[in-house]
Amino acid sequence: MKSLVNLLQRVLEDFEDRCHVSTLRDLKTIADRVEDEGLSFLTITLSNYGSDFQKALDRGYVARDLFTGFQFKGGLPLFLGGFLELVFDRVTGLLHPSPSIDAIYGLRQITLMWSKVKLDVSKERQAAAIQRYMECESDVRNSDRNLGFGRTPFSQETGEEDSARARFIALGSHVFGRVFAYVDREIYSGNLHPKHGSGSTADRLLGNKKFELPYWSDRLEAVFPAWEYARANGRAFLESPVEYQDPGSETPVRVITVPKTMKTPRIIAMEPTHMQYMQQALLAAIVEGISQDKLVSALIGFGSQVPNQNLARKGSRYGTLATLDLSEASDRVSNQHVLGLLSRHSLTSEAVQATRSRKADVRGHGVIRLAKFASMGSALCFPFEAMVFCTIVLMGIERELGKPLNRKSIQRLVGQVRIYGDDIIVPVKYTSSVISMLETFGFKVNAGKSFWTGKFRESCGKDYYDGVDITVVRLRSLLPTKHWSKEKSRTVRSVYELRNQLYKAGLWKAVRYLEDQLSDLKWPDPILADDSSGIGYVSFIPRCKCGLKWHSGYQVPLVTALVEQPRPQRNEADGWAAMLKFFLKRSEKPIAGEHLIYSGRPRSVDIKLRRVDPRLG
């Protein structure tokens, strides 16, 4: 705890120099409150302060409903008041016409640096997250009922909800019809190529064991016969048949919590091996179909976050684009939304439904039937949530325009509308209508992370004010102890990455503090390129070449550095499972040696001192 407070002190001093303010009283407040509240003051209270500061930037003024738990003087809190006065007027609380961007960056860095520390969450907070998951499931059912999804035949009513449902189906088919037609053709021609992910599964199969594929569902069999997809050939199917699961005996997804922040954990769902296997096949076809459609690929993205980030920068500079964020986004995408998108593409719809898990095993609630399409963990969760959000966003724009969109008019929105997961960018003039339409379909816009009225924008991990990058350097794990050899590899790499990010941000006092800490731990401090295989420092200034050794055989310089060494899991594949693994190979690169003996995510990762080339990986 002391080391974190000391690090925060150095960050305060860095911005004290930049902004020419005093932080003595701020540091005393931090020390007193950390003593009283512990680590939660840094990870939760300061994080809330930073979120309230962003809200004030967006509003253009500070109000008393913000910065709760902190004493006010005039129109601003006393804590970090020196920085606040460079942004807002002390008396009125109004935003200055030309606020100090250094102060804005400093306030966010000081308060939000600690918000993403991955720590074990209390059982109470885990239980609360599970309860929210269940409440979200109930909300999805209610939303489906209100919108009339699932009615067969379509209702003859003409209310707004029925109109929204019908337009969603029509517009979604219009925008994504070419993509789904491509997937239809790939399914019909048997051109799908399944694969296994590297993560854990509901049936607890790991690595090479996944290629044995002991189970197959009746629903999968109706679309993807096991002899064709689950085995290397017909003979393998006869000699090593699968065990079929009828709908009542299917393995449910396993809902778990994983560390995210001290405030709340992340909810994910582990899919059964055979389901994830075929989801990956459909995912590849969908991504390829999107890449072939220039309009759709300009509206939604899966690979690069840069287009969203560039639009967020533009929105912050000119005020024309809004950045919207959704709460519990993936868990609020209904299966009925996906059925609506695919209503005119029966082959793809049948395939997607066959690979969708219908049940979930939720701790404390048993096995439940799911109304949502899928939680994080399904390979199809991300693309379908993006397509659903894109369709609803376009519906909101239609409502504002008062006329339906076609591909030509949608083309004019390219460069103004972009969806990456639940990060949504839309023109400011359509924001109210888009938010209203999202809420009509059961989604919740996160007001604390959505911006359109001021000059602050955030999207896909990048933050901007008036076109200036003010992205925060975040601490991801606690600082290491004196026993470096016993530290987890993640912690070791995390502290070096923190130092390097602070260095690139020009926070020199914080950098020196971390370097002193690492020096005390006797860790090596070589200067390495970003893509070096070793763990070390980045530097804009060349340092002395002390410690460099020349490798006469390879004719390269070498330096001593910490290197991560994964300890692979031993799970062998032989016979038909090994043949299936060979046939499923997608890359032209040769398979790693001993891949039939060791596979899957490493059981653990050690750190060792090794000689590495400092210039590249």
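The values are calculated or read from the model by the stated rules, or taken from the named source; none is laboratory data. Since the structure is predicted, the reported quantities are computational estimates derived from the model, not experimental observations. Positions of Cβ are backbone-derived with ideal geometry, glycine not excepted, and every protein chain shown enters the neighbour counts.
Do the conditions hold for Ala371, that is, is it surrounded by fewer than 24 Cβ atoms within 10 Å (Cβ to Cβ), in contact with a Lys or Arg (Cβ under 7 Å, 6 or more places away or on another chain) and either outside the structural domain of Ile425 (by TED's automatic domain parsing) or farther than 17 Å from Met278 by Cα (or both)?
Numbers: surrounded by fewer than 24 Cβ atoms within 10 Å (Cβ to Cβ): yes; in contact with a Lys or Arg (Cβ under 7 Å, 6 or more places away or on another chain): yes; either outside the structural domain of Ile425 (by TED's automatic domain parsing) or farther than 17 Å from Met278 by Cα (or both): yes.
Spelling it out, Ala371 is indeed surrounded by fewer than 24 Cβ atoms within 10 Å (Cβ to Cβ), in contact with a Lys or Arg (Cβ under 7 Å, 6 or more places away or on another chain) and either outside the structural domain of Ile425 (by TED's automatic domain parsing) or farther than 17 Å from Met278 by Cα (or both).
If only residues of the range 317-345 that are assigned to a strand (DSSP E or B) and of a type in the set (A, V, I, L, M, F, W, C) are counted, the one that is farthest from Ala371 (Cα to Cα) is Leu321.
Give Ser297, Ser349, Ser304 a once-over and let me know the one that is in a loop (DSSP other than H, G, I, E, B) and surrounded by fewer than 23 Cβ atoms within 10 Å (Cβ to Cβ).
On the way: Ser297 fails: in a loop (DSSP other than H, G, I, E, B); Ser349 fails: in a loop (DSSP other than H, G, I, E, B).
Checking each option against the conditions leaves just Ser304.
Restricting attention to the range 84-107, the residues being surrounded by fewer than 22 Cβ atoms within 10 Å (Cβ to Cβ) and part of a helix (DSSP H, G or I) number 2. Please go through the range 443-462 and give me each residue that is within 17 Å of the chain's Cα centre (by Cα) and part of a loop (DSSP other than H, G, I, E, B), ordered by number. Once the filter is applied, which keeps residues that are within 17 Å of the chain's Cα centre (by Cα) and part of a loop (DSSP other than H, G, I, E, B), the range 443-462 yields Asn446, Ser450, Cys460, Gly461. Selection of first residues in the range 1-19 that are in contact (Cβ under 8 Å) with a residue 40 or more places away in the chain and of second residues that are surrounded by fewer than 19 Cβ atoms within 10 Å (Cβ to Cβ) and among the acidic types (Asp, Glu), restricted to Cβ pairs under 7 Å at least 6 apart or on distinct chains, gives the following pairs, ordered by first then second residue: Arg18/Asp102; Cys19/Asp102.
Restricting the search to strands (runs of 3 or more DSSP E) fully inside the range 190-264 and requiring at least 1 residues that are within 22 Å of Ser349 (Cβ to Cβ), in contact with a Phe, Trp or Tyr (Cβ under 7 Å, 6 or more places away or on another chain) and in contact (Cβ under 8 Å) with a residue 12 or more places away in the chain gives 215-217, 243-245.
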